[in-house]
Amino acid sequence: MSLRIVVTVKYVPDATGDRHFADDLTVDRDDVDGLLSELDEYAVEQALQISENSDDDVEITVLTVGPEDAKDALRKALSMGADKAVHVEDDDLHGTDAIGTSLVLAKAIEKAGYDLVISGMSSTDGSMGVVPALLAERLGVPQVTLLSEVAVEDGTVTGRRDGDAASEQLQASLPAVVSVTDQSGEARYPSFKGIMAAKKKPVTSWDLSDLDIDADEVGLENAWTAVDSAAERPARTAGTIVKDEGEGGKQLAEFLAGQKFI
Ligand SMILES: Cc1cc2nc3c(=O)[nH]c(=O)nc-3n(C[C@H](O)[C@H](O)[C@H](O)COP(=O)(O)OP(=O)(O)OC[C@H]3O[C@@H](n4cnc5c(N)ncnc54)[C@H](O)[C@@H]3O)c2cc1C
């Protein structure tokens, strides 16, 4: 038996760099460094563990929808151990929202072929946490989201979802979509061997026409959601300094009480 896993991985602006909005209120992706969303590293890790624990022939494809530089995210996932990659890029994708992104991802997943889709719980930039559910709906398959443990056996995916009050043990028949949390297990670092091997792994590029998607189904003009305004956070101001000249403790307590911390 063989198992085809597609892992959706997003290329996101580096949170440690300066991030800005462009004039059309979309995220300015040109002037910032990007990287593989940290939360998607957990999804890649789970795919690799399923492969390592399986007697089946497992093939892991990593998929991203993003600009040219998004190939960096694919290379990182390939160097962790994924087998091949698909990059969907098209100028008409600029400004595509979550609904449009899920359409593009679903068409690419169908074209690539899959038994199991693994996504992150949320991206580290948009943070909507809706794409896995949208994918399951578009693909017409079960979704088992927010898993902190995942396994595949005999055509069934099982997993544990930890809530505040209880932990649920869930299962779905394949094909299915799952999303995994940051509690699912530390993601491995790519080894030197992995980094070298990744250079030779296949990366397929598709545009909208390859996926039979019309330009008027995606893009900023056709988004279901719109950003009305965006304001950058004000720069941090200097904090309050309490000098201890005998009354320091009292002043500190007064400050904390004034801020309603005590
Ligand atoms: C060049 C470009 C411009 C964009 N412009 C806009 C814009 O102007 N307005 C807007 O609302 N959105 C825009 N998007 C889409 C946006 O960045 C998100 O991909 C989309 O809105 C999904 O929201 P999210 O990231 O919060 O997803 P979540 O639901 O938080 O993501 C959950 C999981 O879905 C998967 N996933 C999400 N996005 C992608 C992706 N692109 N590729 C692969 N896997 C993915 C990952 O596994 C992720 O962990 C743009 C995307 C690109 C690539």
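The values are calculated or read from the model by the stated rules, or taken from the named source; none is laboratory data. Please read all numbers here as calculations on a predicted model, not as lab measurements. In this analysis, Cβ positions are derived from the backbone assuming ideal geometry, glycine residues included, and neighbour counts consider all displayed protein chains.
Checking each residue in the stretch 64-101 for being assigned to a strand (DSSP E or B), surrounded by fewer than 24 Cβ atoms within 10 Å (Cβ to Cβ) and of a type in the set (A, V, I, L, M, F, W, C) picks out only Val86.
How many of the residues in the stretch 189-204 are assigned to a loop (DSSP other than H, G, I, E, B) and loosely packed, with under 15 Cβ neighbours inside 10 Å? Of the residues in the stretch 189-204, 5 are assigned to a loop (DSSP other than H, G, I, E, B) and loosely packed, with under 15 Cβ neighbours inside 10 Å. Just so you know, in the stretch 1-27 the residues that are free of Cβ contacts under 8 Å to residues at least 40 places away in the same chain and out of contact with any strand residue (DSSP E or B) (no Cβ under 6 Å at 6 or more places or on another chain) include one that is surrounded by the most Cβ atoms within 10 Å (Cβ to Cβ), and it is Ala22. The residues of the stretch 1-45 that are within 8 Å of the ligand (Cβ to nearest atom), modelled with pLDDT under 95 and in a loop (DSSP other than H, G, I, E, B), listed by number, are Asp24, Leu25, Thr26, Arg29. Scanning the stretch 151-189 for residues that are of a type outside the set (A, V, I, L, M, F, W, C) and within 20 Å of Ala112 (Cα to Cα) returns Gly155, Ser173, Pro175, Ser179. Would you point out the residue of the stretch 97-141, among those that are farther than 19 Å from Ala77 by Cα, modelled with pLDDT of 95 or more and hydroxyl-bearing (Ser, Thr, Tyr), that is nearest to the ligand (Cβ to nearest atom)? My answer is Thr101.
Ile60: part of a helix (DSSP H, G or I), more than 9 Å from the ligand (Cβ to nearest atom), on the phi < 0 side of the Ramachandran plot and β-branched (Val, Ile, Thr), yes or no? No. Could you go through the stretch 227-234 and let me know if any residue there is surrounded by 12 or more Cβ atoms within 10 Å (Cβ to Cβ), touching a residue at least 60 places away in the same chain (Cβ under 8 Å) and not charged (D, E, K, R). Scanning the stretch 227-234 turns up at least one residue that is surrounded by 12 or more Cβ atoms within 10 Å (Cβ to Cβ), touching a residue at least 60 places away in the same chain (Cβ under 8 Å) and not charged (D, E, K, R). Restricting attention to the stretch 205-250, the residues that are hydrophobic (A, V, I, L, M, F, W, C) and either at pLDDT below 90 or assigned to a helix (DSSP H, G or I) (or both) total 11.
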